[in-house]
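Student: Pasting a structure below so you can have a look.
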Amino acid sequence: MGKVHLQDKDLKKKKREFSLVRVKDTWKCKQGTKIKRDAVDCVSPAKIFERNTANGTTWTVQSPIVFTYTVTESQSLLDPSNDTLLLGHITDPQHLEEFKKSLKPIKRFVVVDQDVYQIYGPKLTEYLKANNVQYKLLALPTTEENKSMEMVLKILEEVNDFSLDRRTEPIIAIGGGVCLDIVGLAASLYRRRTPYIRVPTTLLSYIDASLGAKTGVNFAQCKNKLGAYIPPVAAFLDLTFIQTNPRRHISNGLAEMLKMALMKHRGLFELLEKQGRMLLDTKFQADSSVCGHNGLQAASQATYIAITVMLEELAPNLWEDDLNRLVDFGHLISPALEMKVLPSLLHGEAVNIDMSYMVYVSKESGLLSEEEKQRIIRCMVDLELPVWHEACTMELIQKSLQDRLKHSGGLVRMPLPVGLGKAEIFNNTTSEVLHRAYEKWCHDLGVSSDNQDD
Ligand SMILES: NC(=O)c1ccc[n+]([C@@H]2O[C@H](COP(=O)([O-])OP(=O)(O)OC[C@H]3O[C@@H](n4cnc5c(N)ncnc54)[C@H](O)[C@@H]3O)[C@@H](O)[C@H]2O)c1
Ligand SMILES: [Zn+2]
């Protein structure tokens, strides 16, 4: 026993750290971290660690990969004189200058949601023609029911036929969250990673699905079971697309906005409380109502705050390694609920039902006052969001939390509001609180919980 211990200690001593330097075209390991920079052309941020073990050598490669992407608001994206859609992802002024000088024709593969194509197809075609773009426009029925690997493969076949340069010709996705998620996954797979651009056309995708790194499709009856964490090179946001969203889809997007308000921003909650209905009525288009602070109108103020607080949560945790995520509020039970009743509930609606129940959990845990709870539920109702659903049974809640337990390190991490616009993550909510909250939730908002299958 003692001998083995000694041997371990000896082996530990043999761990060596190497920096990686390039001289001309060759990379070389240099032991240690002190490098004479003038003797080399480049020092990589990567490192290699070497350790001898009883059975041989272990090499540990540490290779920091930085993802940089831009989220840009731009009005009139489809105005032929606005080159954001084609060149806005090139952030280096020198590259942009070189590109413009090269007179190389612009080539783009564009996937657009079929319903969006019905409305904006002529404008989009005119835009691409006016800018002499060599393009392939693929209009697809990117619905939640079609959010599958088959749709990804269909896109990939067309991409392959079109033959684009994966370094300089990003794929463009124009549509709601479903379209952006499917195209993002297709792009991540094509030649291992082809850059792509997101253009959200629903409120939900404007303030949520276009901001992070997640792509995905449904698989084995589970939401977004297949996917990747690869951000787009850019997301271009044009609020005018939202004006043609059906009213129900504005409410749908407002649910994700309310999520961020409840978790992080009391000001946004109060704005939604006071002006949410007006935003729903005007579909986030320029309004003549009272200006918010900073002189921004309510629509741009609300989207500005929602995007800023969302990016603040996403950027430090792009790959979701940290399981303590406030953005998961409303997303513990809703995935199973959404899949169970598909297509009757929209994503944001399922999220809202989950949030509504969790607000009761918060109240029963002593984290929210009765008045705060009522204000939140009233705000949800004003935004025309469902606050209860018969398919959200105690059985489904328990099963969702059990599943969560399996996938998040043996703890159910539950983001809960602790007042208005503030939240914390809890992992000790008791079954008794969950049941009591469920009874009250059903009593106040739904039918009697007696006939719910527990
Ligand atoms: N990747 C992420 O981080 C992330 C975040 C949140 C949600 N999502 C995903 O997003 C999806 C939900 O997105 P969604 O709510 O945008 O749904 P969606 O993509 O299904 O779009 C909703 C409907 O609106 C139509 N539509 C889109 N733009 C329109 C426009 N400008 N005018 C008229 N009709 C328009 C679409 O054809 C569709 O019928 C879910 O699959 C969800 O999993 C992903
Ligand atoms: Zn969501």
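The values are calculated or read from the model by the stated rules, or taken from the named source; none is laboratory data. A quick note: this is a predicted structure, and the numbers were derived from the prediction, not measured. Cβ: placed from backbone, ideal geometry, glycine included. Neighbour counts: every protein chain shown. In case anyone asks, the SASA skips ligands and DNA or RNA and just uses the protein heavy atoms, side chains included. Shrake-Rupley method; radii C 1.70, N 1.55, O 1.52, S 1.80 Å.
Student: Which ones in the range 319-343 are more than 18 Å from Met380 (Cβ to Cβ) and either more than 16 Å from the chain's Cα centre (by Cα) or free of Cβ contacts under 8 Å to residues at least 60 places away in the same chain (or both)?
Tutor: Asp321, Asp322, Ala336, Met339, Lys340, Val341, Leu342, Pro343
Student: Do we have Ser102 as modelled with pLDDT of 90 or more and small (Gly, Ala, Ser) here?
Tutor: Values: modelled with pLDDT of 90 or more: no; small (Gly, Ala, Ser): yes.
Criteria not met by Ser102.
Student: Follow-up question, since we're still on this one. Within the range 100-118, restricting attention to residues that are surrounded by 12 or more Cβ atoms within 10 Å (Cβ to Cβ) and part of a helix (DSSP H, G or I), which residue is farthest from ligand 2 (Cβ to nearest atom)? Talk me through it step by step, then tell me what you get.
Tutor: Looking only at the range 100-118, we keep the residues that are surrounded by 12 or more Cβ atoms within 10 Å (Cβ to Cβ), and these are 100, 106-118.
Imposing the further condition that a residue be part of a helix (DSSP H, G or I) reduces the set to 100, 114-118.
Working: Lys100: 39, Gln114: 22, Asp115: 20, Val116: 20, Tyr117: 24, Gln118: 25 Å.
Per the stated criteria, the residue is Lys100.
Student: Could you tell me which residue of the range 164-182 is farthest from ligand 1 (Cβ to nearest atom), considering only residues that are in a helix (DSSP H, G or I) and open to solvent by less than 10 Å² (accessible area, probe 1.4 Å)?
Tutor: Filtering the range 164-182 for residues in a helix (DSSP H, G or I) gives 177-182.
From what is left, the residues that are open to solvent by less than 10 Å² (accessible area, probe 1.4 Å) are 179-180, 182.
Details: Cys179: 6, Leu180: 7, Ile182: 9 Å.
Filtering the range 164-182 for residues that are in a helix (DSSP H, G or I) and open to solvent by less than 10 Å² (accessible area, probe 1.4 Å), the one farthest from ligand 1 (Cβ to nearest atom) comes out as Ile182.
Student: Considering only the range 230-260, state which residues are open to solvent by 50 Å² or more (accessible area, probe 1.4 Å) and within 10 Å of ligand 1 (Cβ to nearest atom).
Tutor: If the condition is that a residue be open to solvent by 50 Å² or more (accessible area, probe 1.4 Å) and within 10 Å of ligand 1 (Cβ to nearest atom), then Thr240, Gln243, Thr244, Pro246, Arg248, His249 are the ones that fit.
Student: Exactly one condition in (1) open to solvent by less than 30 Å² (accessible area, probe 1.4 Å); (2) over 15 Å from Glu144 (Cβ atoms); (3) within 6 Å of ligand 1 (Cβ to nearest atom) is not met by Leu204; state its number.
Tutor: Among (1) open to solvent by less than 30 Å² (accessible area, probe 1.4 Å); (2) over 15 Å from Glu144 (Cβ atoms); (3) within 6 Å of ligand 1 (Cβ to nearest atom), the lone unmet condition for Leu204 is (2).
Student: Report, by residue number, each residue of the range 402-424 that is over 22 Å from Met380 (Cβ atoms) and surrounded by 15 or more Cβ atoms within 10 Å (Cβ to Cβ).
Tutor: Taking the range 402-424 first, the residues over 22 Å from Met380 (Cβ atoms) are 402-413.
Residues satisfying the conditions are Asp403, Arg404, Ser408, Val412, Arg413.
Student: Ok, one more. Just to verify a result, which residue in the range 322-362, among those that are among the hydroxyl-bearing types (Ser, Thr, Tyr) and away from ligand 2 (no atom under 11 Å from the Cβ), is modelled with the lowest pLDDT? Step through it out loud before you land on a result.
Tutor: Narrowing the range 322-362 to residues among the hydroxyl-bearing types (Ser, Thr, Tyr): 334, 344, 356-357, 360, 362.
Imposing the further condition that a residue be away from ligand 2 (no atom under 11 Å from the Cβ) reduces the set to 344, 356-357, 360, 362.
Details: Ser344: 95, Ser356: 98, Tyr357: 98, Tyr360: 98, Ser362: 98.
Applying the filter and picking the extreme gives Ser344.
Student: With the condition kept exactly as written, say whether any residue in the range 137-148 is more than 30 Å from Leu226 (Cα to Cα) and open to solvent by less than 70 Å² (accessible area, probe 1.4 Å).
Tutor: Checked the range 137-148: no residue is more than 30 Å from Leu226 (Cα to Cα) and open to solvent by less than 70 Å² (accessible area, probe 1.4 Å).
One line per residue, one yes/no per condition, for (1) open to solvent by 40 Å² or more (accessible area, probe 1.4 Å); (2) away from ligand 1 (no atom under 16 Å from the Cβ):
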| residue | (1), (2) |
| --- | --- |
| Arg277 | yes, yes |
| Lys283 | yes, no |
| Pro316 | yes, no |
| Glu338 | no, no |
| Glu349 | no, no |
| Ile353 | no, no |
| Tyr360 | no, yes |
| Leu367 | yes, yes |
| Ile377 | no, yes |
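Student: Name every residue in the range 432-454 that is at pLDDT below 95 and either over 20 Å from Asn352 (Cβ atoms) or not in a helix (DSSP H, G or I) (or both), in order of residue number.
Tutor: If we filter the range 432-454 for residues that are at pLDDT below 95, which is where we start, we get 446-454.
Listed by number, the residues that qualify are Gly446, Val447, Ser448, Asp450, Asn451, Gln452, Asp453, Asp454.
Student: Shifting gears a bit: For the range 286-312: of the residues being surrounded by fewer than 19 Cβ atoms within 10 Å (Cβ to Cβ) and modelled with pLDDT of 95 or more, which is nearest to Lys274 (Cα to Cα)?
Tutor: If we take residues in the range 286-312 being surrounded by fewer than 19 Cβ atoms within 10 Å (Cβ to Cβ) and modelled with pLDDT of 95 or more, then Tyr304 is nearest to Lys274 (Cα to Cα).
Student: Restricting to the range 120-157, count the residues that are in a helix (DSSP H, G or I) and either within 25 Å of Pro80 (Cβ to Cβ) or of a type in the set (S, T, N, Q) (or both). Talk me through it step by step, then tell me what you get.
Tutor: From the range 120-157, those in a helix (DSSP H, G or I) are 120-130, 144-146, 149-157; that's our starting set.
Okay, now just the ones that are also either within 25 Å of Pro80 (Cβ to Cβ) or of a type in the set (S, T, N, Q) (or both), so 120-130, 146.
Number of matching residues: 12.
Student: Answer yes if at least one residue in the range 426-438 is open to solvent by 50 Å² or more (accessible area, probe 1.4 Å), without any contact (Cβ under 8 Å) to a residue 40 or more places away in the chain and in contact with a Lys or Arg (Cβ under 8 Å, 6 or more places away or on another chain), and no otherwise.
Tutor: Yes, there is a match, as at least one residue in the range 426-438 is open to solvent by 50 Å² or more (accessible area, probe 1.4 Å), without any contact (Cβ under 8 Å) to a residue 40 or more places away in the chain and in contact with a Lys or Arg (Cβ under 8 Å, 6 or more places away or on another chain).
Student: In addition: With Leu385, Leu416 as the choices, which residue is hydrophobic (A, V, I, L, M, F, W, C), touching an Asp or Glu at 6+ places or on another chain (Cβ under 8 Å) and in a strand (DSSP E or B)? Before you say what the answer is, go through the steps one by one.
Tutor: On the way: Leu385 fails: in a strand (DSSP E or B).
From the options Leu385, Leu416, the qualifying one is Leu416.
Student: Now for a separate question. Restricting to the range 312-321, name every residue that is within 15 Å of ligand 2 (Cβ to nearest atom) and outside any loop (DSSP other than H, G, I, E, B). Break it down stepwise before answering.
Tutor: Applying the first criterion (within 15 Å of ligand 2 (Cβ to nearest atom)) to the range 312-321 yields 313-314, 320.
Result: Glu313, Leu314.
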